[in-house]
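FYI, it's all coordinate maths here, none of it is from the lab. A quick note: this is a predicted structure, and the numbers were derived from the prediction, not measured. Please note: Cβ atoms are built from the backbone with ideal geometry, for glycine as well, and neighbour counts cover all protein chains shown.
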Amino acid sequence: MNITVRHDAGRRFDDLAQRVEAVAAETAPLVEAVTGLVLPDRVVIRTMSPRAWLKAHQRRSARLLRAEARELRAPRRRRRQAKVQHYTQCNGRHRIWPLIGAQVVDFRPGRFELVILPQSMREAGRLNDQAVLTKVICHELTHIAQHATDHGAMWRLQDSYYPELRGIAERDYGFLVEGHAYWADRQITTKLLGAPVSLKEINPHATHRYRDLAANPHRTEMLEYFTRAVDSVEEIVTTHGLDAFNKVWHRPDLVPTRDEASTPIGWMQRFG
């Protein structure tokens with residue numbers, strides 16, 4: 001496997017870029033071993049500035065908006081609604097970027113990369129936290145493996161502006177992909193560090209801006225959501241086995257519904 005780190009976030013983050021490369025090389029084989037999924041032959045990790053990240057997201061969202069409207073021949077009224085959603089998302093990213101330390105995204109069509117925002121990690125007080133960096137890379141490499149397994153189909157559906165036209169409005173893809181990634185990073189950090197790494201507590205070195213954003217009640221709701229998701233994945237893997245769980249990447253009917261994300265027992269039982 002070839003891991004390429006493209007460092008575009010500026011010289012002040014050179015040390016982080018070097019550490020990213022070392023951690024990725026160490027954890028990539030563990031991601032495959034723990035998840036039973038295979039990473040692509042080439043993995044690209046890119047550091048970016050918030051400004052470049054925001055511009056790239058705006059271009060990507062606009063591209064997806066146009067392409068999906070054409071593909072589905074969306075009615076004019078729905079196109080207007082989708083445009084409003086697009087602008088709302090763009091505005092939201094401008095506000096919450098300090099909360100996003102890393103993500104997997106295809107800024108170029110079909111080319112999924114692990115993008116790291118060093119400035120966001122600094123805002124969170126986590127820039128020099130090696131344990132957190134290990135967790136983040138394990139988590140995002142798991143997303144890369146998810147993409148490679150189904151050629152990004154799950155994530156394209158998750159990003160759809162027209163879920164009702166695709167017949168997926170009741171599916172909760174985030175519960176699946178994030179629950180699985182948090183489960184994997186918990187397993188791997190326990191193997192490497194002796195215990196899972198938690199991000200629930202706000203670092204005392206976080207900036208005031210980060211603290212203000214993290215104080216939003218929505219963060220508490222999301223933490224509870226992710227806890228249900230990771231516990232559900234662990235229960236399925238423990239009860240039914242990893243091979244049974246991994247059928248979800250090729251069987252859309254196994255993706256949890258929104259109701260099951262609130263009460264996961266129904267989702268877990270569908271793997272029996």
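Here are some notes:
- Each part gets one Cα centre, and for region 197-243 versus region 15-31 those centres are 22 Å apart.
- With R₀ set to 25 Å, the beta-carbon distance separating residue 54 from residue 78 gives a calculated FRET efficiency near 0.45.
- Of the residues 143, 205, 151, the one that moves most in a GNM of the chain with alpha-carbon contacts below 10 Å is 205.
- Amide H contacts for residue 5 (H built 1.01 Å from N in the peptide plane; partners 5 or more residues away or on another chain; cut-off under 5 Å): 45.
- Sum of side-chain charges, residue 164 neighbourhood, beta-carbon under 12 Å (Lys, Arg +1; Asp, Glu -1): +2
- The HN-Hα couplings worked out from phi for region 243-254 by the Karplus form 6.51 cos²θ - 1.76 cosθ + 1.60 (θ = phi - 60°) are 4, 5, 4, 5, 5, 4, 6, 10, 10, x, 5, 8 Hz, whole numbers, x standing for Gly and Pro.
- Segments 131-142, 222-233 sorted - mean Cβ within 10 Å per residue, highest first: 131-142, 222-233
- Beta bridges per DSSP, both residues in the chain: antiparallel share near 40 percent.
- For the chain, with +1 on Lys and Arg beta carbons and -1 on Asp and Glu, the positive-most of 190, 268, 116 along the dipole: 116
- Structure-based [θ]222 nm, the chain - -39500 (n - 2.57) summed over DSSP H runs of at least 4, per residue, nearest 500: -19500 deg cm²/dmol
- Cα gyration tensor shape of the chain, rounded if a/c is under 1.5, else prolate or oblate by comparing a/b with b/c: rounded
- Each of 161, 173 was scored by other Cβ atoms within 10 Å of its Cβ. Arranged with the fewest first, they read 173, 161.
- Ranked by the mean number of other Cβ atoms within 10 Å of their residues, highest first, the peptides 85-95, 238-248, 47-57 fall in the order 47-57, 238-248, 85-95.
- Percent of Cα-Cα distances greater than 16 Å, calculated over region 82-128: 53
- When +1 charges are put on Lys and Arg Cβ atoms and -1 charges on Asp and Glu Cβ atoms, the dipole computed for the chain relative to its Cα centre reaches about 1720 debye.
- Which of 151, 165, 255, positive extreme of dipole for the chain (C-beta unit charges): 165
- Cβ-defined net charge surrounding residue 128, 12 Å radius [Lys, Arg +1; Asp, Glu -1]: +1
- Charge dipole magnitude, Cβ of K and R +1, D and E -1 - region 1-127, Cα centre, debye nearest 20: 1340
- Among 96, 116, 45: highest mean-square fluctuation, GNM of the chain, C-alpha pairs under 10 Å: 96
- From phi via Karplus (6.51, -1.76, 1.60), per-residue ³J(HN,Hα) for region 154-171 in Hz, x at Gly/Pro: 4, 6, 5, 5, 4, 8, 4, 7, 10, x, 5, 6, 8, x, 10, 4, 8, 8
- Per-residue Karplus couplings for region 108-113, computed as 6.51 cos²θ - 1.76 cosθ + 1.60 with θ equal to phi - 60°, are listed in order as 10, x, x, 10, 7, 10 Hz, Gly and Pro entered as x.
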